[in-house]
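Only one structure is covered here, and it is reproduced in the block below.
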Amino acid sequence: GVIFGYSGSTGPNHWGSLSPNFTLCSKGILQSPIDIVKDEAVYNPQLDPLERDYTATNATIVDNVFNIALRYNDTTGTVKVGGTKYKLKQLHWHSPSENTINGQRFAMELHMVHLTEDGNITVVAILYRYGKLDPFLFQIKDQLAALYKEGCTAEKGDPLPVREMTKEQAADLMAPLEGSYRHNARPLQPLNGRTVQLYDRVH
């Protein structure tokens, strides 16, 4: 695959020229991540709540070089957005967070990547601040440690809810990655006329 990074000659400013498949990185106008300015978010009464239906299942933990991910089979569950069901395929973490709220960047950000049968994608993002132990990350602590040990010896291929994890858990998540990929947050992108819409269940 194409080698890219988060700084220097293979960083975000150069992604559009690294491969013909990456041209949208330099020409696209509807890119993420973004800064969510709470006072500018527009309440949309037509938005439905996020319908999540997940079940406990086995997953494969993977060091993708540029992030740590969990890959799932087709039985782990779905999220329903705009009347369409998307199957959870994988989740991965960014350090620090990619999206910001009122200019504030958080410790980490989890992306839950979902797909439809015809390849459409929706991503649920969850922001983390440092604080209490995250029970989900606690469950995969041993697997992260094993991945880190393997990586050391082998060549590697508010109104808005914010969860908490400890600094140690954040370090464990990034430890298997090489140093330059431990800060794997993309730069913020302009809205270019887009509106951040707000769902508020109390209305």
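The values are calculated or read from the model by the stated rules, or taken from the named source; none is laboratory data. Just so it is clear, the structure is predicted and the values come from calculations on it, not from any experiment. Virtual Cβ from ideal backbone geometry, glycine too; neighbours counted across all protein chains shown. The accessibility values were calculated without ligands, DNA or RNA, using every heavy atom of the protein model including side chains. Shrake-Rupley method; radii C 1.70, N 1.55, O 1.52, S 1.80 Å.
Considering the conditions (1) at pLDDT below 95; (2) surrounded by 13 or more Cβ atoms within 10 Å (Cβ to Cβ), residue 105 is excluded by exactly one of them, (1). Please go through region 176-203 and give me each residue that is hydrophobic (A, V, I, L, M, F, W, C) and within 14 Å of residue 108 (Cα to Cα), ordered by number. The one that is hydrophobic (A, V, I, L, M, F, W, C) and within 14 Å of residue 108 (Cα to Cα): 185. Within region 124-170, being within 28 Å of residue 4 (Cα to Cα), outside any helix (DSSP H, G or I), modelled with pLDDT of 95 or more and open to solvent by 30 Å² or more (accessible area, probe 1.4 Å) holds for 125, 126, 129. The residues in region 78-91 that are over 25 Å from residue 46 (Cβ atoms) and surrounded by fewer than 20 Cβ atoms within 10 Å (Cβ to Cβ) can be counted, and the count is 2.
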